[in-house]
There are 2 protein chains.
Amino acid sequence: MSDIFKSHLEKFIKIKEDDFQEIMQYFRTINVKKKENLMIEGDICRSHYFVLSGCLRKFFVNEKGNEQTTEFAIENWWLTDNLAYEHQLPTQFYIQAVEKSEILTITQDAQRELLEKFPQLERYFRFIYQRAFAAAKMRVKYLFSYSKEEFYHNLVENYPEFVQRIPQYLIASYLGFSPEYLSEIRARKKSQ
Amino acid sequence: MSDIFKSHLEKFIKIKEDDFQEIMQYFRTINVKKKENLMIEGDICRSHYFVLSGCLRKFFVNEKGNEQTTEFAIENWWLTDNLAYEHQLPTQFYIQAVEKSEILTITQDAQRELLEKFPQLERYFRFIYQRAFAAAKMRVKYLFSYSKEEFYHNLVENYPEFVQRIPQYLIASYLGFSPEYLSEIRARKKSQ
């Protein structure tokens, strides 16, 4: 499975096979079952997760006791609570497997040492954060621009595979409405 | 003014004076008046802006014709439309000076060359994007967690200087409600 991570790194930087083998020493590979939690609210956020296969989601439990999903991560995406990870604070989020997944994990200490030992990875992580930041900014624009219903149609149009793959109640949790309301929207669309 | 940028860089990386002088060649310093636009909707997003003094904001014009502010940048912050900047696309945003400001600008080509010439700056930009990403993620959580009114009180409590400095109608534009509604909330708070 480490081949997946290597091909991913090579999209951004050149890396020698010996270096790659050493880099992998900083990571641990774990297998998680569907619905298994990697992190729960109140935990110190110690790890950064890279999805080799499967899918993770990040959510928090809102005042009404509902799970509000804020992010998904499929193959080749990183996921953590970035603020809590950087400062090693308790997190307000959960990270849970949506599907059976294989995950690379690295601790914050290990990631810092890794970057000191292999400064060429600064470029890699600069790209990763740069793109993730740009995506997060567009999410904020969408939250202000679209109604929840428009947001759903936008998702179906631009990310059909994503909508196929993720269970409907989690799509609803990501969009911030109830599964019942999502069923209504879908029924309305079909009848159009 | 370049001393400001140097002190800022030195919070993240070590830099020799000769290198710094050469690095500055990649930037241009510009002075903008209050309300002057640095970028308007439809422009190819060519520049990344670093605030030496003053304040910028980024906004888009929504369907109702209102300006929805999505970000502010004060001293030592970067601002651009990151997605459009990376891919050199037309932007959907405006970037405008909130106050008379002094700004460092760099083009995407120049930033790429700069990073190739001075790879130690990868570390600096990795930190910048990492923190900006973490902040953007918290913004998304707040947008789901708080009512507009709670969001305002949160802002007053955690960023009192910011609320003092930014004109009220722009605070309203950032929170996504009308200046009239903001006046109501403030009146209600005073009478409590």
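The set of residues in segment B:131-152 being of a type in the set (A, V, I, L, M, F, W, C), touching a Phe, Trp or Tyr at 6+ places or on another chain (Cβ under 9 Å) and facing chain A (nearest Cβ under 7 Å) consists of B:ALA132, B:PHE133, B:ALA134, B:ALA136, B:LEU143, B:PHE144.
Is segment A:98-106 home to any residue that is farther than 24 Å from B:LYS148 by Cβ, surrounded by fewer than 21 Cβ atoms within 10 Å (Cβ to Cβ), among the polar types (S, T, N, Q) and more than 8 Å from chain B (Cβ to nearest Cβ)? Yes, that holds for at least one residue.
Would you check if B:CYS55 is crowded, with 18+ Cβ neighbours inside 10 Å, under 12 Å from the mean Cα position of the chain (by Cα) and touching a residue at least 40 places away in the same chain (Cβ under 8 Å)? In short, yes.
On the stretch given as segment B:113-148, residues that are farther than 30 Å from A:PHE72 by Cβ and open to solvent by 30 Å² or more (accessible area, probe 1.4 Å) total 5. Taken over segment B:60-71, the criterion of being more than 9 Å from chain A (Cβ to nearest Cβ) and buried (at least 21 other Cβ atoms within 10 Å of the Cβ) is satisfied by B:THR69 alone. Being more than 13 Å from chain B (Cβ to nearest Cβ), touching a residue at least 60 places away in the same chain (Cβ under 8 Å) and assigned to a helix (DSSP H, G or I) holds for only one residue in A:LEU170, A:LEU121, and it is A:LEU170. Those strands (runs of 3 or more DSSP E) of segment B:5-88 in which at least 3 residues are closer than 24 Å to A:ARG131 by Cβ, considering only elements entirely within it, cover B:47-53, B:56-61, B:67-73.
Restricting segment B:21-35 to residues that are touching a Lys or Arg at 6+ places or on another chain (Cβ under 9 Å) and farther than 19 Å from B:ARG112 by Cβ, the residue that is most open to solvent (accessible area, probe 1.4 Å) is B:LYS33. A residue that is touching a residue at least 40 places away in the same chain (Cβ under 8 Å), surrounded by fewer than 17 Cβ atoms within 10 Å (Cβ to Cβ), within 13 Å of chain B (Cβ to nearest Cβ) and of a type in the set (A, V, I, L, M) can be found somewhere in segment A:78-96. Looking at this structure, is B:VAL156 part of a helix (DSSP H, G or I), within 14 Å of chain A (Cβ to nearest Cβ) and touching a Lys or Arg at 6+ places or on another chain (Cβ under 9 Å)? No: the conditions fail for B:VAL156.
The values are calculated or read from the model by the stated rules, or taken from the named source; none is laboratory data. Worth saying up front: this structure is predicted, and the values here are computed from it rather than measured. Neighbour counts are summed over all protein chains in view; Cβ atoms, including those assigned to glycine, are modelled from backbone coordinates with ideal geometry. With ligands, DNA and RNA removed, areas are computed over all heavy atoms of the protein, side chains included. Shrake-Rupley method; radii C 1.70, N 1.55, O 1.52, S 1.80 Å.
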